[in-house]
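What follows draws every value from the coordinates through simple rules; no lab data is involved. Remember, predicted model here, so these are calculated numbers, not experimental data. Every residue, glycine as well, gets a Cβ built from its backbone with ideal geometry; the counts of neighbours run over all protein chains shown.
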Amino acid sequence: MDLIPTPEQLSAATANVFDRIVRGGLADLRPIPSAIVDEGPQRTVRRYLRQGEERGAAPGADDRPPVLLVPPLAAPATCFDLRRGCSVAEHLRAADHRTYLVDYGAIAFGDRNLGIEHWIDEVIPRSIDAVLADSGAEQVQLVGWCLGGIMALLVAADQPARIRSVAMVASPIDSSAVPLVAPLRPLVNLAGGSVGTLAYKALGGAPAPLVRRAYQLAGFDKYVMKPFTLATNLDDRDFLAQVEAVDRFMASMLAYPGRTFGQIYHRMLRRNDLAQGRMVLGQRTIELAGVTAPVLSIAGEGDGIAPVKAVHRVAELLPGAASVRVASAPGGHLGVLTGRAARRTTWPLIDAFLEETAVPPGRARPPRRHLRAVA
């Protein structure tokens with residue numbers, strides 16, 4: 001909005017403020033229709049429905065493998081369905097992908113003994129079982145955001161036969177390249193990391209308010225400037241709708257289980273295991289060299305949590321992958337996945353990758369049928 005607003009801008013701003021205050025908001029926050037195909041401890045697997053498709057209907061045949069969206073821990077699964085018109089799930093469904101989501105649900109204090117291996121050995125593999133059973137496919141394409149991308153990569157290393165491809169968005173592999181972590185490393189290593197260990201054990205993990213505050217601090221400049229930014233964009237309905245959706249997302253942050261947070265603290269932050277091409281989980285080690293599927297890793301150019309260098313390090317650690325591509329797109333940690341610009345930047349990158357890797361290398365893909373509606 002101009003410093004001296006035009007009549008059109010004033011009219012739009014007035015209407016937007018009215019709708020935001022009186023009518024309850026501008027964003028369409030209705031979830032994309034879905035059907036539950038599997039449930040279990042820390043997992044609800046949903047299949048997103050085509051327009052007009054009933055919940056009991058079969059997903060339909062497709063020569064492309066299904067897509068499973070893998071969210072991170074501690075963040076709500078709505079990261080993939082932020083709002084109508086700015087939803088990764090809605091976009092993939094519109095492109096006629098058989099699209100699934102695994103939702104971990106809320107983490108309770110009683111879950112504090114769950115480690116990352118619970119998700120790598122149980123939750124995500126069983127979700128893949130459900131997707132393959134529901135779709136009739138033999139392999140799945142994984143799309144993960146943040147830690148979800150890292151977990152998808154670890155599953156691909158551990159169970160390569162069932163994974164067609166892995167797309168990672170804002171997934172930091174090298175914690176030494178994260179500006180927020182570097183200044184804290186001396187404190188993290190203090191007394192062998194025992195100070196932090198005592199803290200997260202006492203809390204049973206990382207509570208939701210702490211997780212939310214960490215996300216806010218990663219974008220501190222935007223957080224501080226938010227009132228001014230809102231005031232100067234009161235005439236931009238789509239901008240205000242996006243802010244509403246992000247606010248709801250931030251308010252829905254979840255907790256990390258204690259043992260999982262401990263592994264992130266010790267294995268990823270203190271020892272930087274992933275940057276060495278491996279992850280120690282319990283009594284075993286998963287080597288990233290076990291990944292054979294094609295991999296795409298997209299970094300946000302303004303991401304303070306997972307900067308470009310930390311994300312793109314993965315290209316040096318996957319000698320067995322059919323291909324490894326790295327790319328950058330505008331946006332911060334959430335914005336690169338589902339910001340307004342992501343519709344023109346990140347999503348086309350994912351679209352092209354899913355299409356190109358839909359068929360195993362060396363196998364010709366049958367021509368797709370394009371159906372046309374007739375009167």
field: Peptide ranges 324-330, 45-51 listed from the most packed, as the mean C-beta count within 10 angstrom indicates
entry: 45-51, 324-330
- request: Neighbouring Cβ atoms within 10 Å as the yardstick, rank His266, His312 fewest first.
  value: His266, His312
- prompt: Percent relative contact order of region 58-141, based on C-alpha pairs within less than 8 angstrom and at least six residues apart?
  reply: 44 percent
statement: Between Val326 and residues 5 or more places away or on another chain, the pairs with built amide H atoms under 5 Å apart involve Ser297
field: Residues with amide H under 5 Å from that of Ile305, placed H, sequence gap 5 or more
entry: His333
- line: So, for the Cα atoms of region 225-348, Rg and Dmax in Å stand at 18.0, 57
- line: Expected vector for region 28-43, Karplus 3J(HN,Hα) from phi with 6.51, -1.76, 1.60 and θ = phi - 60°, integer Hz, x for Gly and Pro, equals 8, 9, 5, x, 5, x, 8, 10, 7, 10, 6, 9, x, x, 6, 7
task: Starting from the Cα-Cα distance between Gln51 and Gln159, subtract it from 0.36 nm times their residue separation and give me the gain in nm to one decimal.
output: 35.6 nm
- line: Here, Thr6 and Lys309, labelled 7 Å along Cα→Cβ, have an inter-label distance in nm of 4.4 nm
field: For region 239-304, size of Cβ-based charge dipole, Lys and Arg +1, Asp and Glu -1, in debye
entry: 500 debye
- line: So Glu287 and Ile21, fully extended at 0.36 nm per residue minus their Cα-Cα distance, gain in nm 90.5 nm
field: 5 angstrom amide H check on Ala293, placed H, neighbours 5+ away
entry: Ala322
message: Could you give each residue of region 271-286 its phi-based ³J(HN,Hα) in whole Hz, using Karplus coefficients 6.51, -1.76, 1.60 with θ = phi - 60°, and x for Gly or Pro?
response: 9, 6, 3, 4, 5, 9, x, 7, 9, 8, 10, x, 9, 9, 10, 9
